[in-house]
Structures are given as C-alpha cells and as structure tokens.
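Asker: Sharing a structure here in structure tokens format.
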Amino acid sequence: MIKHPKFAVVGHPNKGKSSIVAALAMDDSVQISDTPGTTTKQRSFPLSVDGKTVYELFDTPGFQRARRVLAWLEKHEVSADKKQEVVRAFINEHREDERFNDEVQLLEPIMNGAGIIYVVDGSKPYGKEYEAEMEILRWTGQPSMALINHIDDSDYSQEWKRALEQYFKMVRTFNPMQTSLEQHMTILESMAQLKEEWIAPVKASMKLFEQYHEQMLNRSAFLITKLIYGACSFVEELPFDTDNASEADKEKIEVNYKNKLRELEENTQNKIEEVWNHEHLHIRQSNLTFEGMDLFSEESASVFGLTQKELIVTGATSGAVTGAGIDLLFVGHTLLVGSAIGAVVGGIGAYFGFKELSEVKVLGRTLGKKYLQIGPMENRNFPYILLGRSLYHTVKVSKRSHAVRDMTELEMDAAFKEKWLDDDLRKSLEKYHKIFRSGKEVEADVLKEYEALIGQVLVKLIGS
Ligand SMILES: Nc1nc2c(ncn2[C@@H]2O[C@H](COP(=O)(O)OP(=O)(O)OP(=O)(O)O)[C@@H](O)[C@H]2O)c(=O)[nH]1
Ligand SMILES: [Mg+2]
C-alpha cells in the first residue's frame with residue numbers, strides 16, 4: 001500500500017502557515033494568532049475521511065535564523081547529491097541548540113519525506129530576506145510548491161510570483177479564510193503533481209473529498225426539508241379553564257408558537273454546523289447567527305421573502321389570478337394590503353407581516369376542556385423566508401474556514417434571493433409548501449422530492 005502523502009507547511013513567522021494547515025486539514029485545534037512565533041513545535045495534522053488518512057500536514061514554526069543556517073550549510077561545499085546529508089547533519093548537530101529550535105523543527109518533517117508548502121504573504125512586498133529561506137528549502141531536495149496568502153488587501157503578488165517561480169515549479173494563491181471545494185481541489189491537484197508517487201493517493205483523496213462534500217450537501221438538504229415541513233405543519237395548543245379564552249391567552253399562544261418555530265430553526269442550524277464540521281462553534285456557545293435579524297422581522301421578510309408581486313404570481317399558478325388580474329392590482333402604484341390581495345388570489349389571506357401567521361382557533365374537547373390552537377402555518381411567505389435563511393446559513397457555514405477564529409454574524413446580502421430562486425423553482429416549491437401548510441400527513445416520497453429540489457439549490461449555491 002502506498003503511504004499517504006505528507007506536506008510540511010513552512011515559511012516566515014506570522015504569514016498564515018497555521019491558518020493554511022487549519023483550512024486544509026479542516027482542523028480547529030491548530031493554534032493561530034497574530035503574535036509572530038505562535039507555533040514553536042512541528043505538529044502533525046492528519047486529515048481522515050471515513051477513518052482513512054488521506055494526507056498529513058505538518059504545522060511548523062517560522063524561520064528565525066535563515067541566513068545563519070544557510071551560511072552553515074554553505075560552509076560544507078558539496079556536490080548537489082550530498083546536500084541532503086548536510087541538512088541532516090545540521091539537524092543532528094543543532095537538536096539541542098535553542099537558537100536553531102525553529103529551523104530544526106521545520107526541517108525535520110521535510111527530511112522525513114514531507115513535501116514542502118512554502119507560504120508567503122502577498123499583501124507585503126517581496127524582499128531579499130526570503131531568499132535564504134528558499135535556498136535552504138532547495139538544499140533539502142524535497143518537492144516543493146509555494147502558496148501566496150493575502151493577509152491584508154494590498155497586492156504584491158506579481159513581484160512575489162516572479163521571485164517564487166525561480167525557486168518553485170508551482171506557485172498558487174490560496175485564501176485560508178475562505179474555503180470552497182473548488183479551491184481545495186485546485187490545491188490538492190497541485191499537491192499531486194509534486195511527486196509521481198503522490199498522484200494516485202492524492203487523486204484518491206480528491207475522490208473521497210467529493211463524496212464527502214456530496215454527503216454534507218445531502219444531509220443539509222435533508223435537515224432543511226425537515227425544518228420547512230416541521231415548521232409549516234407545526235401546531236401549538238394551549239388549554240384554558242375560563243369560559244372564554246382571554247386576550248392574554250391568545251397572545252401567549254402566539255408567542256409560544258413563534259418561539260417554537262425559532263427553536264426549530266436554531267436546532268437545524270446547529271445540526272447543519274455539525275454536518276459541516278464546525279462543532280467548535282458550539283463549545284464557544286456562539287454559532288453563526290442572524291444576530292438582530294429575527295425570523296419574524298420585517299427585514300427578514302424583505303431579504304428572504306417573496307415580494308408582493310412574486311406572491312401574487314405564485315398564487316396565480318393555482319389559477320386564481322390571471323395576468324390581467326395582476327396588472328389591475330398594481331394600478332396607480334397602490335398596493336393592496338395583504339388580506340385584500342389574499343381575497344383576490346383566493347384562499348388564505350395574510351401574506352405580509354407576521355401578525356397573521358396563522359389563525360388562533362378555539363377548540364373544544366370532551367369533558368368540557370377548551371383549548372386554543374394555532375398552526376399549521378397559513379402565511380404563504382413564511383416557508384420562503386425560513387428556506388432562504390436556512391440556505392443562506394448553510395452556504396455561509398460551508399464556506400467558513402477552520403482557520404477563522406473570531407465569531408462573526410452573518411452579514412446580509414440582499415441579492416441572495418436572486419442567486420437561487422427563479423420563477424420555475426418558486427412554482428415547484430409552492431406546490432410542496434401548499435402540501436406542508438395543509439396540515440395533512442405528508443408522504444415520505446413527497447418529502448424526498450422536496451429534499452432533492454433543495455439539494456439542487458445547494459449544489460448551485462455551494463458547488464458540487
Ligand atoms: N485577514 C486574513 N488574516 C489572515 C490570513 N491568513 C492569516 N491571517 C491572520 O494572520 C495571523 C497569523 O496567522 P497564523 O496562521 O497564526 O500564522 P503563522 O504563519 O502560523 O504564524 P507563526 O506560527 O507565528 O509563525 C492570524 O491572526 C491569522 O488570523 C488571511 O488570509 N486573511
Ligand atoms: Mg503558526
């Protein structure tokens with residue numbers, strides 16, 4: 001069996017080496033900080049998929065005394081085939097030497113057979129001081145590539161490329177703060193090219209990755225489907241003892257109902273974060289949230305919900321309103337309020353706002369006990385809002401790199417809806433939302449169909 005490929009991530013201090021290890025090994029335990037010299041020891045981070053190690057990355061300290069080391073090596077004038085031995089001799093002689101701890105640590109995995117990934121910061125100018133580092137790496141004789149990371153916005157990548165290309169046969173740009181399957185695959189592709197023996201195992205790991213990615217997409221689609229169906233069909237009850245339910249009772253059941261839906265959404269978000277391997281977010285008790293943008297807010301409805309016109313058009317698919325009818329509704333730019341449009345479209349009112357999510361009904365039971373009931377969801381916009389939020393959250397989680405350590409809120413992208421929802425899809429979705437809202441038992445096949453639809457949307461948004 002071929003052993004899995006190993007790569008040592010090396011470079012100057014504080015250039016994002018550990019961030020790259022965290023992103024590529026998908027490991028949150030990698031130490032990252034803006035203090036130079038954070039990593040002081042080499043450490044291996046194997047990446048396993050289904051219990052199989054696909055590759056192993058070594059996080060290493062940055063070069064500290066590159067010129068001194070190079071001077072030491074160069075003192076031993078040898079032919080090219082002996083250079084590796086000189087590097088080995090350097091390691092052996094300086095193992096206990098504090099001054100060269102970092103160089104010994106970073107050279108060791110390389111001399112044990114790891115390929116080299118040399119990391120630079122393309123937002124800082126190139127300088128001659130890096131040449132000693134690259135020269136040392138050349139002495140190791142190991143296959144190598146360079147990755148340009150951009151810690152800030154400035155861009156010196158052209159001068160970096162010119163310099164790096166003299167030392168490395170492959171130079172790529174990589175952003176550890178953002179992950180996508182595509183970026184990961186491109187880097188793996190380059191890694192495979194470093195050494196002939198690595199082509200097969202790296203290709204195999206690419207295959208595994210794609211499968212893994214597909215699994216994560218499918219599981220997310222399943223969870224989102226469960227949420228939309230669960231939330232739309234959910235029914236809340238509240239018993240009351242007096243003859244008539246009080247206003248307070250009615251308010252209470254509405255509050256409970258909304259809270260339950262919020263809770264369903266949050267539970268789903270947590271599960272999706274687990275699917276995408278972000279368990280650490282829970283440990284910190286702060287996951288990716290729509291901070292300040294409640295599920296039942298106007299803002300949420302305007303970013304993720306359907307517009308009035310879309311609602312009407314979607315309603316029209318059930319045959320209630322013709323094209324002419326729609327124009328009539330918009331005469332003089334005066335929009336009819338929700339219930340009025342509802343009346344025209346036929347069927348349920350309350351398209352806008354959240355006061356009318358669902359009617360509160362008073363129901364009786366045997367033995368004279370009465371109770372209030374709210375749900376299933378009557379508001380037609382609600383499933384689109386909840387779905388939009390779920391998709392948005394999933395996209396953000398899937399792109400969130402393991403190198404990102406500070407928690408941020410989801411910043412809003414008002415154009416998000418255009419990226420996934422078109423007329424056809426809306427019509428397809430409406431068919432299912434209608435079933436979900438009906439409160440009737442839904443067959444497993446129907447849920448599977450909806451899940452497939454959501455799966456396609458996720459592929460479009462995240463990539464396959
Ligand atoms: N904005 C941004 N910050 C980055 C990027 N890459 C790294 N950083 C930040 O830069 C700092 C250094 O990153 P590390 O990954 O710890 O760097 P290192 O090269 O391992 O540093 P040492 O172990 O100290 O040599 C951290 O605060 C990172 O969050 C990037 O692409 N964008
Ligand atoms: Mg580090």
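Asker: Hey, could you check segment 143-174 for residues that are touching a residue at least 60 places away in the same chain (Cβ under 8 Å) and assigned to a loop (DSSP other than H, G, I, E, B) and say which is farthest from ligand 1 (Cβ to nearest atom)? Show your work before the answer.
Answerer: To start, the set of residues in segment 143-174 that are touching a residue at least 60 places away in the same chain (Cβ under 8 Å) comprises 147, 149, 151, 174.
Then keep just the ones that are assigned to a loop (DSSP other than H, G, I, E, B); that gives 151, 174.
Numbers: Ile151: 4, Phe174: 8 Å.
Step by step, filter segment 143-174, then rank; the result is Phe174.
Asker: Residues to consider are Lys460, Lys427, Lys440, Lys434; find the one that is over 22 Å from Glu266 (Cα atoms), without any contact (Cβ under 8 Å) to a residue 40 or more places away in the chain and of a type in the set (Lys, Arg). Talk me through it step by step, then tell me what you get.
Answerer: Details: Lys460 fails: without any contact (Cβ under 8 Å) to a residue 40 or more places away in the chain; Lys427 fails: without any contact (Cβ under 8 Å) to a residue 40 or more places away in the chain; Lys434 fails: without any contact (Cβ under 8 Å) to a residue 40 or more places away in the chain.
Lys440 is the lone residue from the list that is over 22 Å from Glu266 (Cα atoms), without any contact (Cβ under 8 Å) to a residue 40 or more places away in the chain and of a type in the set (Lys, Arg).
Asker: Test Glu378 against the stated conditions and say whether it is surrounded by 19 or more Cβ atoms within 10 Å (Cβ to Cβ) and of a type in the set (Asp, Glu). Let's see the steps before the verdict.
Answerer: Numbers: surrounded by 19 or more Cβ atoms within 10 Å (Cβ to Cβ): yes; of a type in the set (Asp, Glu): yes.
Criteria met by Glu378.
Asker: Which of the residues belonging to segment 53-76 are surrounded by fewer than 19 Cβ atoms within 10 Å (Cβ to Cβ), more than 16 Å from ligand 1 (Cβ to nearest atom) and not hydrophobic (A, V, I, L, M, F, W, C)?
Answerer: Thr53, Arg67, Arg68, Glu74, Lys75, His76 - these are the residues of segment 53-76 that are surrounded by fewer than 19 Cβ atoms within 10 Å (Cβ to Cβ), more than 16 Å from ligand 1 (Cβ to nearest atom) and not hydrophobic (A, V, I, L, M, F, W, C).
Asker: Could you list, in sequence order, all residues of segment 60-86 that are away from ligand 2 (no atom under 16 Å from the Cβ), among the small types (Gly, Ala, Ser) and closer than 18 Å to Phe100 by Cβ?
Answerer: Quick first cut of segment 60-86, residues away from ligand 2 (no atom under 16 Å from the Cβ) only: 65-86.
Filter once more, keeping what is among the small types (Gly, Ala, Ser): 66, 71, 79-80.
Correct list: Ala66, Ala71.
Asker: Here are some residues: Leu164, Leu227, Leu217, Leu223. Which one is surrounded by 16 or more Cβ atoms within 10 Å (Cβ to Cβ) and assigned by TED's automatic domain parsing to the domain that holds Val78? Steps first, answer last, please.
Answerer: Working: Leu227 fails: assigned by TED's automatic domain parsing to the domain that holds Val78; Leu217 fails: assigned by TED's automatic domain parsing to the domain that holds Val78; Leu223 fails: assigned by TED's automatic domain parsing to the domain that holds Val78.
Result: Leu164 is the single residue among Leu164, Leu227, Leu217, Leu223 that is surrounded by 16 or more Cβ atoms within 10 Å (Cβ to Cβ) and assigned by TED's automatic domain parsing to the domain that holds Val78.
Asker: Tell me the helices (runs of 4 or more DSSP H) entirely within segment 4-95 that contain at least 1 residues that are touching a Gly at 6+ places or on another chain (Cβ under 8 Å) and within 20 Å of Asn175 (Cα to Cα). Reasoning before the result, please.
Answerer: Values: elements: 17-25, 66-75, 83-94.
In segment 4-95, 17-25 are the helices (runs of 4 or more DSSP H) which contain 1 or more residues that are touching a Gly at 6+ places or on another chain (Cβ under 8 Å) and within 20 Å of Asn175 (Cα to Cα).
Asker: I've got another one for you. Does segment 228-238 include one or more residues that are under 23 Å from the mean Cα position of the chain (by Cα) and either more than 24 Å from Tyr432 (Cα to Cα) or not in a strand (DSSP E or B) (or both)? Step through it out loud before you land on a result.
Answerer: If we filter segment 228-238 for residues that are under 23 Å from the mean Cα position of the chain (by Cα), which is where we start, we get 228.
Restricting the remaining residues to those that are either more than 24 Å from Tyr432 (Cα to Cα) or not in a strand (DSSP E or B) (or both) gives 228.
Checked against the condition, which is being under 23 Å from the mean Cα position of the chain (by Cα) and either more than 24 Å from Tyr432 (Cα to Cα) or not in a strand (DSSP E or B) (or both), segment 228-238 yields at least one hit.
Asker: Looking only at segment 230-252, how many residues end up being within 30 Å of Val446 (Cβ to Cβ) and crowded, with 16+ Cβ neighbours inside 10 Å?
Answerer: The number of residues fulfilling the criteria is 7.
Asker: Another question about this same structure. I'm told Thr186 meets every condition in (1) modelled with pLDDT of 90 or more; (2) touching a helix residue (DSSP H, G or I) at 6+ places or on another chain (Cβ under 9 Å); (3) in a helix (DSSP H, G or I) except one. Can you identify the failing condition by its number?
Answerer: Unmet for Thr186, out of (1) modelled with pLDDT of 90 or more; (2) touching a helix residue (DSSP H, G or I) at 6+ places or on another chain (Cβ under 9 Å); (3) in a helix (DSSP H, G or I): (2).
Asker: Looking only at segment 1-31, count every residue that is under 23 Å from Glu273 (Cβ atoms), modelled with pLDDT of 90 or more and of a type in the set (Val, Ile, Thr) and tell me the total.
Answerer: Of the residues in segment 1-31, 2 are under 23 Å from Glu273 (Cβ atoms), modelled with pLDDT of 90 or more and of a type in the set (Val, Ile, Thr).
Asker: Here's a follow-up. Got a sec? Which of Val9, Val87, Val104 is crowded, with 17+ Cβ neighbours inside 10 Å, touching a residue at least 40 places away in the same chain (Cβ under 8 Å) and more than 9 Å from ligand 1 (Cβ to nearest atom)?
Answerer: Numbers: Val9 fails: more than 9 Å from ligand 1 (Cβ to nearest atom); Val104 fails: touching a residue at least 40 places away in the same chain (Cβ under 8 Å).
Testing whether each residue is crowded, with 17+ Cβ neighbours inside 10 Å, touching a residue at least 40 places away in the same chain (Cβ under 8 Å) and more than 9 Å from ligand 1 (Cβ to nearest atom) leaves just Val87.
Asker: Answer yes if at least one residue in segment 19-29 is within 16 Å of ligand 1 (Cβ to nearest atom), surrounded by fewer than 17 Cβ atoms within 10 Å (Cβ to Cβ) and in contact (Cβ under 8 Å) with a residue 24 or more places away in the chain, and no otherwise. Give the steps one after another, and end with the answer.
Answerer: We begin by selecting, within segment 19-29, every residue within 16 Å of ligand 1 (Cβ to nearest atom); these are 19-29.
If we keep only those that are surrounded by fewer than 17 Cβ atoms within 10 Å (Cβ to Cβ) as well, we get 29.
In the following step, the residues that additionally are in contact (Cβ under 8 Å) with a residue 24 or more places away in the chain were identified as none.
Scanning segment 19-29 turns up no residue that is within 16 Å of ligand 1 (Cβ to nearest atom), surrounded by fewer than 17 Cβ atoms within 10 Å (Cβ to Cβ) and in contact (Cβ under 8 Å) with a residue 24 or more places away in the chain.
Asker: Does any residue of segment 30-46 turn out to be within 16 Å of ligand 1 (Cβ to nearest atom), basic (Lys, Arg) and either within 34 Å of the chain's Cα centre (by Cα) or exposed (fewer than 13 other Cβ atoms within 10 Å of the Cβ) (or both)? Spell out how you get there, then give the answer.
Answerer: First, the residues of segment 30-46 that are within 16 Å of ligand 1 (Cβ to nearest atom): 30-45.
After this cut, where a residue has to be basic (Lys, Arg) as well, the list is 41, 43.
Then drop every residue that is not either within 34 Å of the chain's Cα centre (by Cα) or exposed (fewer than 13 other Cβ atoms within 10 Å of the Cβ) (or both), which leaves 41, 43.
Looking through segment 30-46, at least one residue is within 16 Å of ligand 1 (Cβ to nearest atom), basic (Lys, Arg) and either within 34 Å of the chain's Cα centre (by Cα) or exposed (fewer than 13 other Cβ atoms within 10 Å of the Cβ) (or both).
The values are calculated or read from the model by the stated rules, or taken from the named source; none is laboratory data. Quick caveat, the model's predicted, so the values are computed rather than measured. Positions of Cβ are generated from backbone atoms using ideal geometry, with glycine treated the same way; all protein chains shown enter the neighbour counts.
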